[in-house]
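To start, the structure itself, in structure tokens.
The values are calculated or read from the model by the stated rules, or taken from the named source; none is laboratory data. Computed from a predicted model, the values in this text were never measured in an experiment. No Cβ is skipped: glycine too gets one built from the backbone with ideal geometry, and neighbour counts run over all protein chains shown.
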Amino acid sequence: MADAPRTLPTDASVADFIAAVPDARRRAEAETVCRMLEQVSGQPPVMWGPSIVGFGSYRYVYASGREGDWPVIGFSPRKAALTLYIMPGFNERPDLMARLGKLKTSVSCLYIPRLEAMDAAALRDLCVWAVEAMRERYPA
């Protein structure tokens, strides 16, 4: 039997979560990104577990049989970096990644040490593309 997903949507307040971010700069970045992702996705922010703010959702099923739900796009204001969850990954958009500059990424995570150092238009374009790509891959 596959393990049950641990990160699920909750009824916790996104506004309270962001207001509790201890670092003022990271808190302001979270507010900015939250507004942008709400506009880009057309979905309200929802807490997923204790530390991820997600927008929309999709159902995934792995070949192993593991399945669950996950946000179409999301973020977490972590101490070391603001982390954006760009579910399609980054390989398909080297043009946008080049505009963003040198950043750390993992499969679907974009780690942003300072939001003000980013090309805001490129970041928005990447998020728009990610939401569109996820909607194409996982139609409702």
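Looking across the stretch 1-25, the residues that are of a type outside the set (A, V, I, L, M) and surrounded by 12 or more Cβ atoms within 10 Å (Cβ to Cβ) come down to Pro5, Thr7, Pro9, Thr10, Ser13, Phe17, Arg25. I'd like the residue in the stretch 44-54 that is touching a residue at least 40 places away in the same chain (Cβ under 8 Å) and under 13 Å from the mean Cα position of the chain (by Cα) and, out of all such residues, is surrounded by the fewest Cβ atoms within 10 Å (Cβ to Cβ). This residue is Ile52. The C-beta contact set for the stretch 9-37 (first residue of a type in the set (S, T, N, Q), second residue at pLDDT 95 or above, distance under 6 angstrom, 6+ apart or interchain) comprises Thr10/Met47. Identify all residues within the stretch 50-74 that are farther than 28 Å from Ala117 by Cβ and in a loop (DSSP other than H, G, I, E, B); write none if there are none. Hits for the stretch 50-74 are Ser57, Tyr62, Ala63, Ser64, Gly65, Arg66. What about Phe90, is it closer than 22 Å to Asp119 by Cα, in contact with a strand residue (DSSP E or B) (Cβ under 8 Å, 6 or more places away or on another chain) and not in a strand (DSSP E or B)? Judged against the criteria, Phe90 is a match.
Any residue at all in the stretch 38-46 that is of a type in the set (Val, Ile, Thr) and under 16 Å from Ala133 (Cα atoms)? Yes; the residues of the stretch 38-46 include at least one that is of a type in the set (Val, Ile, Thr) and under 16 Å from Ala133 (Cα atoms).
Quick one: which of Ser41, Ser106, Ser57, Ser64 is polar (S, T, N, Q) and free of Cβ contacts under 8 Å to residues at least 40 places away in the same chain? Explain how you work it out, then say what you get.
Values: Ser41 fails: free of Cβ contacts under 8 Å to residues at least 40 places away in the same chain; Ser57 fails: free of Cβ contacts under 8 Å to residues at least 40 places away in the same chain; Ser64 fails: free of Cβ contacts under 8 Å to residues at least 40 places away in the same chain.
Every option except Ser106 fails the conditions.
Of the residues making up the stretch 116-140, those that are surrounded by fewer than 18 Cβ atoms within 10 Å (Cβ to Cβ), touching a Leu at 6+ places or on another chain (Cβ under 8 Å) and in a helix (DSSP H, G or I) are Ala122, Asp125, Trp129. Among the residues of the stretch 94-112, those that are more than 20 Å from Pro71 (Cα to Cα) and either touching a His at 6+ places or on another chain (Cβ under 6 Å) or surrounded by 14 or more Cβ atoms within 10 Å (Cβ to Cβ) (or both) comprise Leu96, Met97, Arg99, Leu100, Leu103. Scan the stretch 72-85 and tell me whether some residue there is farther than 20 Å from Arg27 by Cβ and more than 13 Å from the chain's Cα centre (by Cα). So far as the stretch 72-85 goes, no, none of its residues is farther than 20 Å from Arg27 by Cβ and more than 13 Å from the chain's Cα centre (by Cα). Is at least one residue of the stretch 26-43 more than 19 Å from Ile86 (Cβ to Cβ), out of contact with any His (no Cβ under 7 Å at 6 or more places or on another chain) and surrounded by fewer than 14 Cβ atoms within 10 Å (Cβ to Cβ)? Scanning the stretch 26-43, I find no residue that is more than 19 Å from Ile86 (Cβ to Cβ), out of contact with any His (no Cβ under 7 Å at 6 or more places or on another chain) and surrounded by fewer than 14 Cβ atoms within 10 Å (Cβ to Cβ), so the answer is no.
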